[in-house]
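*Asks:* Pasting in a structure now, in structure tokens, and then I'll have a few things to ask.
The values are calculated or read from the model by the stated rules, or taken from the named source; none is laboratory data. Fair warning: this is a prediction, and the values are worked out from it, not measured in the lab. Here the Cβ positions follow ideal geometry from the backbone for every residue, glycine too, while neighbour counts run over all protein chains shown.
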Amino acid sequence: MAAISGRPITIEVRSARHSQMINITAAVAAKVPDAYQGICHLFCLHTTAGLTINENADPDVVTDLLAELDRLVPWRQPHFRHGEGNSAAHVKAMLTGASVTVPVADGRLQLGVWQGIYFCEFDGPRNRTVALQLIPEPAP
Amino acid sequence: MAAISGRPITIEVRSARHSQMINITAAVAAKVPDAYQGICHLFCLHTTAGLTINENADPDVVTDLLAELDRLVPWRQPHFRHGEGNSAAHVKAMLTGASVTVPVADGRLQLGVWQGIYFCEFDGPRNRTVALQLIPEPAP
Amino acid sequence: MAAISGRPITIEVRSARHSQMINITAAVAAKVPDAYQGICHLFCLHTTAGLTINENADPDVVTDLLAELDRLVPWRQPHFRHGEGNSAAHVKAMLTGASVTVPVADGRLQLGVWQGIYFCEFDGPRNRTVALQLIPEPAP
């Protein structure tokens, strides 16, 4: 991504492990102006990482999510051809998706009570970037 | 989600089974004003449910979708740590995703012929809420 | 989808194989006006195909993605009930998702260095249609 005109806004994420779910909810909320109405679009600029929304309370949930992805998509498989050896991370990125969109009302992310926004690292540790855009919703 | 300023608009869903795909296309279409141009953004406010778009004709398709998710992500697994015991539902929510965006032209959802919008219940029965936003697309 | 008012814009895709990932990045970029700021919303109008973002460099990656989806969701399974026999394609469409949203700044798709936009055919060969919308992001 070329950083043109200062847009999109970016959030920098530093992962510490090979697979890791990093709660970025507070970093996202900090970029939303007061009284803003619309959607917040987040886009992961990488092909071995993703974004998802899931439970923000019990940390065992995200541990279980990563463990289950590992079980579903084992790291080493005889049919994988990609020379870098990280095809499993590419598959996990496809399954989680590169972007999330979150409603915003009166400047606040309109997440459910138990929802947090997670950056999903599948081939870390690395420095990662998430693009953030704010798209307004006109008054009805 | 705090209900501030009457936005986002919400759609209430009552699931009747533990796993269930509920066609909400008509409920969504009813919220779209005449002549509206843009996207309709739907956001599931829960972490054990999701939203997806799939076949609206043969009900066997959504039966097969749920059965295949059950096969891929069995409910009980020795590695799951989350105390509530519903980690499989959290995984399924991650795989389907929390939001869908649908094109709208002249006030009508621009779905393909065979497409319907489904609320995906993975840990019901429960009362659920979907947030709806309308983001305009200016004339080209 | 009814083609009303010339919107959404559409991109036509012709798949050549039963399962295939087709890089549509250039076709999408060609629809984005100069100096445009916002998001580009792409929506797949089919229930046995999807859209995803993944590596644009080594073609072995998308080969591995398709092979892994085939391993995860085998084509023939005794529990599938749908009479058309293509339930696996419907499952894959659910796992990849029907839409992607990409940031745009100064008229250019703001993809990461290794990212391309792919149409994912899961039950081809067929003629397919992707709807494209441009939603502006006002200056901050």
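*Asks:* Residue check, A:ARG76 against (1) within 14 Å of chain C (Cβ to nearest Cβ); (2) in contact with an Asp or Glu (Cβ under 9 Å, 6 or more places away or on another chain); (3) surrounded by fewer than 16 Cβ atoms within 10 Å (Cβ to Cβ), all met but one. Which one?
*Replies:* If we test A:ARG76 against (1) within 14 Å of chain C (Cβ to nearest Cβ); (2) in contact with an Asp or Glu (Cβ under 9 Å, 6 or more places away or on another chain); (3) surrounded by fewer than 16 Cβ atoms within 10 Å (Cβ to Cβ), just (2) comes out false.
*Asks:* Can I ask one more? So, of the residues in region C:22-71 that are among the hydroxyl-bearing types (Ser, Thr, Tyr) and touching an Asp or Glu at 6+ places or on another chain (Cβ under 6 Å), which turns out to be farthest from A:ALA88 (Cα to Cα)? So that I can check it myself, show each step before the final result.
*Replies:* Looking only at region C:22-71, we keep the residues that are among the hydroxyl-bearing types (Ser, Thr, Tyr), and these are C:25, C:36, C:47-48, C:52, C:63.
If we keep only those that are touching an Asp or Glu at 6+ places or on another chain (Cβ under 6 Å) too, we end up with C:47-48.
Working: C:THR47: 25, C:THR48: 23 Å.
Restricting to residues being among the hydroxyl-bearing types (Ser, Thr, Tyr) and touching an Asp or Glu at 6+ places or on another chain (Cβ under 6 Å), the top hit is C:THR47.
*Asks:* So which pairs qualify, if the first residue must be in region B:30-45 and farther than 21 Å from B:VAL13 by Cα and in contact (Cβ under 8 Å) with a residue 60 or more places away in the chain, the second must be of a type in the set (Phe, Trp, Tyr) and part of a strand (DSSP E or B), the Cβ gap must be under 9 Å, and the two must be at least 6 apart or on different chains?
*Replies:* B:ILE39/C:PHE43
*Asks:* When you go through C:GLY85, C:GLY112 one by one, which is the residue that is at the interface with another protein chain (Cβ under 7 Å from one of its Cβ atoms), assigned to a loop (DSSP other than H, G, I, E, B) and either over 22 Å from A:GLY83 (Cβ atoms) or at pLDDT 95 or above (or both)?
*Replies:* Numbers: C:GLY85 fails: at the interface with another protein chain (Cβ under 7 Å from one of its Cβ atoms).
So the residue among C:GLY85, C:GLY112 that is at the interface with another protein chain (Cβ under 7 Å from one of its Cβ atoms), assigned to a loop (DSSP other than H, G, I, E, B) and either over 22 Å from A:GLY83 (Cβ atoms) or at pLDDT 95 or above (or both) is C:GLY112.
*Asks:* Something else: Go through (1) of a type in the set (Val, Ile, Thr); (2) out of contact with any Asp or Glu (no Cβ under 9 Å at 6 or more places or on another chain); (3) in contact (Cβ under 8 Å) with a residue 24 or more places away in the chain one by one and return the number of the condition C:VAL113 breaks.
*Replies:* Here C:VAL113 meets the rest and fails (3).
*Asks:* Taking the condition of being on the phi > 0 side of the Ramachandran plot and part of a strand (DSSP E or B), how many residues in region B:4-54 meet it?
*Replies:* Within region B:4-54, the subset on the phi > 0 side of the Ramachandran plot is B:5-6, B:35, B:38.
Next cut, part of a strand (DSSP E or B) only: B:38.
So the answer is 1.
*Asks:* So, in region C:79-118, of the ones that are within 27 Å of B:TRP114 (Cα to Cα) and of a type in the set (Phe, Trp, Tyr), which residue ends up surrounded by the fewest Cβ atoms within 10 Å (Cβ to Cβ)?
*Replies:* So, considering only residues that are within 27 Å of B:TRP114 (Cα to Cα) and of a type in the set (Phe, Trp, Tyr), the one surrounded by the fewest Cβ atoms within 10 Å (Cβ to Cβ) is C:PHE80.
*Asks:* When you scan region A:91-109, how many residues do you find that are over 12 Å from A:ALA29 (Cα atoms), of a type outside the set (A, V, I, L, M) and more than 7 Å from chain B (Cβ to nearest Cβ)?
*Replies:* Counting residues in region A:91-109 that are over 12 Å from A:ALA29 (Cα atoms), of a type outside the set (A, V, I, L, M) and more than 7 Å from chain B (Cβ to nearest Cβ) gives 2.
*Asks:* So, one more: Here are some conditions: (1) part of a loop (DSSP other than H, G, I, E, B); (2) within 20 Å of C:HIS90 (Cβ to Cβ); (3) of a type in the set (A, V, I, L, M, F, W, C). B:PHE80 meets all but one. Which one does it not meet?
*Replies:* (2)
*Asks:* Considering C:GLN110, C:GLN115, which residue is touching a strand residue (DSSP E or B) at 6+ places or on another chain (Cβ under 6 Å) and farther than 22 Å from B:THR96 by Cα?
*Replies:* Details: C:GLN115 fails: farther than 22 Å from B:THR96 by Cα.
Just a single option satisfies the conditions, and that option is C:GLN110.
*Asks:* On to the next question. Kindly indicate the residue of region B:115-130 that is part of a strand (DSSP E or B) and more than 10 Å from every other protein chain (Cβ to nearest Cβ) and also nearest to the chain's Cα centre (by Cα) among those meeting that condition.
*Replies:* Keep residues of region B:115-130 that are part of a strand (DSSP E or B), which gives B:115-121, B:127-130.
Imposing the further condition that a residue be more than 10 Å from every other protein chain (Cβ to nearest Cβ) reduces the set to B:119, B:121, B:127, B:130.
Details: B:PHE119: 3, B:GLU121: 8, B:ASN127: 13, B:VAL130: 7 Å.
Here the answer is B:PHE119.
*Asks:* When you go through C:SER15, C:SER19 one by one, which is the residue that is more than 24 Å from B:LYS92 (Cβ to Cβ), over 11 Å from the mean Cα position of the chain (by Cα) and in contact (Cβ under 8 Å) with a residue 40 or more places away in the chain? Outline the logic, then answer.
*Replies:* Working: C:SER19 fails: more than 24 Å from B:LYS92 (Cβ to Cβ).
On inspection, the qualifying residue turns out to be C:SER15.
*Asks:* Still on this model: Is it the case that A:ASP64 is assigned to a helix (DSSP H, G or I), among the charged types (D, E, K, R) and closer than 14 Å to A:SER19 by Cα? So that I can check it myself, show each step before the final result.
*Replies:* On the way: assigned to a helix (DSSP H, G or I): yes; among the charged types (D, E, K, R): yes; closer than 14 Å to A:SER19 by Cα: yes.
So A:ASP64 passes the test.
*Asks:* So which of B:PRO136, B:PRO59 ends up being within 14 Å of chain A (Cβ to nearest Cβ) and over 26 Å from A:GLU55 (Cα atoms)?
*Replies:* B:PRO136
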